[in-house]
Amino acid sequence: MPVTYFQRYRMRYDLWQGIADAAPANPNYHFRGWNEKLLQHHAEVKFRSFRSELDANVFPCLGDADGCLRLMKEISNRQGFVPQATWLVQYQDPETGKVENCGTVQGIRSQPDVGAIQNIGIVASHRGHGLGTQLMHYCLRGFKEAGVRFVTLEVTSHNTGAMRLYKRLGFQVLKTVYKSAEIKYS
Ligand SMILES: CC(C)(COP(=O)(O)OP(=O)(O)OC[C@H]1O[C@@H](n2cnc3c(N)ncnc32)[C@H](O)[C@@H]1OP(=O)(O)O)[C@@H](O)C(=O)NCCC(=O)NCCS
């Protein structure tokens, strides 16, 4: 299979600069803090958020439901897992009462004063309404509560929506890195 190199940016946010207030979320969206019972929900929404996206080529496990479950288990079992920076978003339909998982983010501590955001995802039908911004705010506040100073993430440079979100929040590009991946063309 041919190997493709994806350009990615390592970005960083200094929590000492503060966290801006986000616009209030639509009351039908509920932000759930980490709880082991939510692990499968995180995995399911991670898969639904990433399966048709660029990053499912860069990290094939994101395009696979079992891969997302394995990844979620691995993240939540890591020694540096930060539960305060790990959130699930659920939407409750005001008419039917039906609840749908629609967003996820997880945090780990990579160094004593550095947190790393893992795979923020919002399901496509819920994007563009500020939910990603809200979820990032919950995550950043969680890292602050956990006592880290810097929050890092990596983003594929062609991921325009995510880049726009991170820059608007105040993340700075620290470094350019390249990730190789084997792409299956059908
Ligand atoms: C990145 C993501 C979490 C953003 O979620 P969201 O709920 O749409 O976030 P927001 O509505 O708060 O902000 C999205 C921003 O992206 C912009 N945007 C969305 N789609 C875009 C596109 N195709 N091209 C350019 N900008 C786009 C929006 O205009 C908005 O920016 P603005 O408010 O400055 O105008 C969501 O797009 C997603 O889950 N993507 C797939 C998974 C992924 O790639 N995650 C990031 C991994 S690093």
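Laboratory data are not the source of any read-out in this text; all were calculated from the coordinates shown. Because the structure is a prediction, the values reported are computed rather than measured. Cβ coordinates were reconstructed from backbone atoms using ideal geometry, including for glycine residues, and neighbour counts include every protein chain displayed.
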Seminar exercise, completed: Under the helix-only model (-39500 (n - 2.57) for each DSSP H run of 4 or more, divided by the residues of the chain), the mean residue ellipticity at 222 nm, to 500 deg cm²/dmol, is -8500 deg cm²/dmol
Seminar exercise, completed: Applied in sequence order to the stretch 137-142, the curve 6.51 cos²θ - 1.76 cosθ + 1.60 (Karplus, θ = phi - 60°) yields integer Hz couplings, x standing for Gly and Pro, of 5, 4, 5, 4, 5, x
Exercise. If you take the charge dipole of the stretch 62-186 about its Cα centre, with +1 on Lys and Arg Cβ and -1 on Asp and Glu Cβ, which of 174, 102, 71 is farthest toward its positive end?
Worked result: 174
For this session: Using only the alpha-carbon atoms of the stretch 116-186, report the extent along each of the three principal axes, biggest first, to the nearest angstrom.
Result: 45, 31, 19
For this session: Could you tell me the distance between the Cα centroids of the stretch 115-162 and the stretch 7-44, to the nearest Å?
Result: 5 Å
Exercise. What size of dipole, in debye to the nearest 20, comes out for the stretch 135-180 about its Cα centre when the only charges are +1 on Lys and Arg C-beta atoms and -1 on Asp and Glu C-beta atoms?
Worked result: 120 debye
For this session: Assuming 1.002 mPa s and 20 °C, estimate D for the chain with Stokes-Einstein, Rh taken as the Kirkwood radius over Cα pairs, in µm²/s.
Result: 127 µm²/s
Seminar exercise, completed: With +1 at each Lys and Arg Cβ and -1 at each Asp and Glu Cβ, the charge dipole magnitude of the chain around its Cα centre, to the nearest 20 debye, comes out at 440 debye
Exercise. With the calculation restricted to Cα positions, what are the radius of gyration and Dmax of the stretch 1-77 in angstrom?
Worked result: 16.1, 47
Exercise. How large is ³J(HN,Hα), in whole Hz, for each residue of the stretch 114-119 in order, when computed from phi with the Karplus curve 6.51 cos²θ - 1.76 cosθ + 1.60 and θ = phi - 60°, using x for Gly and Pro?
Worked result: 10, x, 10, 7, 10, 6
